1. Please verify whether region 298-307 includes one or more residues that are of a type in the set (G, A, S), open to solvent by less than 40 Å² (accessible area, probe 1.4 Å), part of a helix (DSSP H, G or I) and at negative phi.
2. What residue, of R243, R212, R217, is buried (at least 24 other Cβ atoms within 10 Å of the Cβ) and touching a residue at least 12 places away in the same chain (Cβ under 8 Å)?
3. Conditions: (1) more than 23 Å from E194 (Cβ to Cβ); (2) without any contact (Cβ under 8 Å) to a residue 60 or more places away in the chain; (3) of a type in the set (V, I, T); (4) buried (at least 21 other Cβ atoms within 10 Å of the Cβ). I283 meets all but one. Number of the miss?
4. Filter region 115-154 for residues that are open to solvent by 70 Å² or more (accessible area, probe 1.4 Å) and among the hydrophobic types (A, V, I, L, M, F, W, C); which is nearest to A95 (Cα to Cα)?
5. Within region 36-50, is there a residue that is part of a helix (DSSP H, G or I), in contact with a Ser or Thr (Cβ under 9 Å, 6 or more places away or on another chain), closer than 30 Å to K130 by Cβ and open to solvent by less than 60 Å² (accessible area, probe 1.4 Å)?
6. Evaluate the following for F89: is it aromatic (F, W, Y), open to solvent by 20 Å² or more (accessible area, probe 1.4 Å) and free of Cβ contacts under 8 Å to residues at least 60 places away in the same chain?
7. I'd like the full set of residues that are free of Cβ contacts under 8 Å to residues at least 40 places away in the same chain, open to solvent by 10 Å² or more (accessible area, probe 1.4 Å) and either assigned to a loop (DSSP other than H, G, I, E, B) or over 15 Å from Y157 (Cα atoms) (or both), limited to region 181-199.
8. Give the residues of region 92-114 that are in a strand (DSSP E or B) and either surrounded by fewer than 16 Cβ atoms within 10 Å (Cβ to Cβ) or of a type outside the set (A, V, I, L, M, F, W, C) (or both), sorted by residue number.
Amino acid sequence: MNSTILLMMNNLIKYRNADKEFWYEELEDWVPKRIYDCHVHMINNDLIDESSIHKNRFPNTPLKAIKDWYKLVLPKREVNSLILGKPMFGTDVNAHNKYIHQEIKDNNLLRAHRLTTPLDSLSDIEKDIKDHGFQGLKVYRYFSSSGDINECDIEDYLTHEQMELANDLGIWITLHMAKQDGCGDKENLKNLEEFTTKKYPKIKWILAHVARSFTYRPIEKAIDTLKNLPNIWYDLSAVTDVRPFITLFKNENHKRIFYGTDGIESVSFHGAYTAYGHFHYQIETDKVESLNFSHTSNRPIISLYEQLISIKQASIICEMNNTQIEDVFWRNAVREFNIPWK
């Protein structure tokens, strides 16, 4: 049974002729032959509590499924990954991190950031970094100690004690910022400036989703500050609006940018993370009953391709050359993560 059939049977993706045609028309000649995906998740529903709203919400995605997905959606590419712990309510955090370690331990081209909550002990974190090969932490607003998952501060879901340990170890943290304006929020910016320049200068931060800029405004408000902070990187995952990419590419050092997908489930639907002014929303076209195609033979494509075509268009507008594009798609990660990729 081929990868396409396996993925579709597991409800991970409905890959259609329109997707394949779009890839070969728009992306095949542009996407580099090597890719390092700096934002992808594994899911194991056996490690989620029965009472959780996230239990069985998404299909299981072991490493095999991720590899099959890459073969399907990024054909004829050599793809390796930074695996991030998947933040879902009711997850047995230690078991989830152990699962990731077991899945990737025999592949020296892969890296991982452990799922980390404010309740995690410093000894568990240190053990995973030193003994299990995790190169950093993945933190998320779902686990905010404040109880507010939308407007919480960074320190509400990543304690200062944990940051002190991360600083001592000199490790990475993948950060998905909360608050309406993401990186453009004054408190988030103030905290990042303090963390990077004063309190925790040895932590290396990856600001997920273009520093959580699904619309143009957050990165537009933040870029003049962020570009001058040390130890700041960005991943491009999930964003499908061209405008945040243009702002980032025009203003930042491209060597501080990593490609990422947010695979599998978050970018395999047909549709996009659509911006409406300062608001964005995940639009799944298969669920829009009023949508019709009487005016065209074209059909919606998977969100991953919406992201890639926006990155392509932004790179053209910003006059990025092939070397810079390859840096973003794989060379920056290989350099920063010490990947032995020949």
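The values are calculated or read from the model by the stated rules, or taken from the named source; none is laboratory data. None of these values were measured; they are calculated from a predicted model. Cβ placement follows ideal geometry from the backbone for every residue including glycine, while neighbour counts extend to all protein chains displayed. Protein only, heavy atoms only, side chains kept; ligands, DNA and RNA dropped before computing areas. Shrake-Rupley method; radii C 1.70, N 1.55, O 1.52, S 1.80 Å.
1. At the first step, the residues of region 298-307 found to be of a type in the set (G, A, S) are 303.
So of that shortlist, the ones also open to solvent by less than 40 Å² (accessible area, probe 1.4 Å) come out as 303.
Those still in the list that are part of a helix (DSSP H, G or I) too: 303.
Then drop every residue that is not at negative phi, which leaves 303.
Yes: one or more hits.
2. Values: R243 fails: buried (at least 24 other Cβ atoms within 10 Å of the Cβ); R217 fails: buried (at least 24 other Cβ atoms within 10 Å of the Cβ).
Going through R243, R212, R217 in turn, the sole match is R212.
3. Looking at each condition in turn, I283 falls short on (4).
4. Checking each candidate, the answer is L119.
5. Quick first cut of region 36-50, residues part of a helix (DSSP H, G or I) only: 45-47.
Restricting the remaining residues to those that are in contact with a Ser or Thr (Cβ under 9 Å, 6 or more places away or on another chain) gives 47.
Next cut, closer than 30 Å to K130 by Cβ only: 47.
Still in the running and open to solvent by less than 60 Å² (accessible area, probe 1.4 Å): 47.
Yes.
6. Details: aromatic (F, W, Y): yes; open to solvent by 20 Å² or more (accessible area, probe 1.4 Å): yes; free of Cβ contacts under 8 Å to residues at least 60 places away in the same chain: yes.
The answer is yes for F89.
7. If the condition is that a residue be free of Cβ contacts under 8 Å to residues at least 40 places away in the same chain, open to solvent by 10 Å² or more (accessible area, probe 1.4 Å) and either assigned to a loop (DSSP other than H, G, I, E, B) or over 15 Å from Y157 (Cα atoms) (or both), then D185, K186, L189, K190, E193, E194, T197, K198, K199 are the ones that fit.
8. Initial filter on region 92-114 (in a strand (DSSP E or B)): 111-114.
Within region 92-114, R111, H113, R114 meet the criteria.
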